[in-house]
């Protein structure tokens, strides 16, 4: 598949990486503190310290993976379809023809709202072909939703 040279891949907002990093740091700190205290009480100071160091190392490794996962998300709105690519180990490319879209949804959970982000979800007749683009700023998500809706209506009318 060849891509048009004049169309660039767009990426989620850097706010998505900040949100994911905050989630990893918070969960790592809570787990390290909990298991550090448990091992401190059960087996002594050395075991508590080792458990904290191991959990911090696991958190750093997980943070690296989450960063790569964030960088793997990209999308491109072409003339007749939308491409959504993602995946670190298994790379996926979804091609959603505008004429096949049933509706476009913008969602924002509590943590996304805290970071002023939202997710655009595209729904088609086939459940397996639904695509989503996470980590968009609220204005960009609304703009993309309106643009995709407009393109979907025009392509469906032409069928």
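Looking at the structure I just gave you, is residue 41 surrounded by 13 or more Cβ atoms within 10 Å (Cβ to Cβ), part of a helix (DSSP H, G or I) and at pLDDT 95 or above?
When the stated conditions are applied, residue 41 does not pass them.
Which residues, counting only those in segment 106-122, are buried (at least 17 other Cβ atoms within 10 Å of the Cβ) and touching a strand residue (DSSP E or B) at 6+ places or on another chain (Cβ under 8 Å)?
Result: 112, 117, 118, 119, 120, 122.
Can you confirm whether residue 6 is modelled with pLDDT under 95, closer than 28 Å to residue 153 by Cβ and outside the structural domain of residue 153 (by TED's automatic domain parsing)?
The answer is yes for residue 6.
What's the number of the only condition in (1) in contact (Cβ under 8 Å) with a residue 12 or more places away in the chain; (2) touching a strand residue (DSSP E or B) at 6+ places or on another chain (Cβ under 9 Å) that residue 14 fails to meet?
(1)
Being surrounded by 15 or more Cβ atoms within 10 Å (Cβ to Cβ), free of Cβ contacts under 8 Å to residues at least 40 places away in the same chain and within 14 Å of the chain's Cα centre (by Cα) is the filter here, so list the residues in segment 70-105 that pass it.
Selection gives 72, 86.
The values are calculated or read from the model by the stated rules, or taken from the named source; none is laboratory data. Keep in mind that this is a model prediction, so the values were computed, not measured. Don't worry about glycine lacking a Cβ; one is built from the backbone with ideal geometry, like all the others, and counts go over all protein chains shown.
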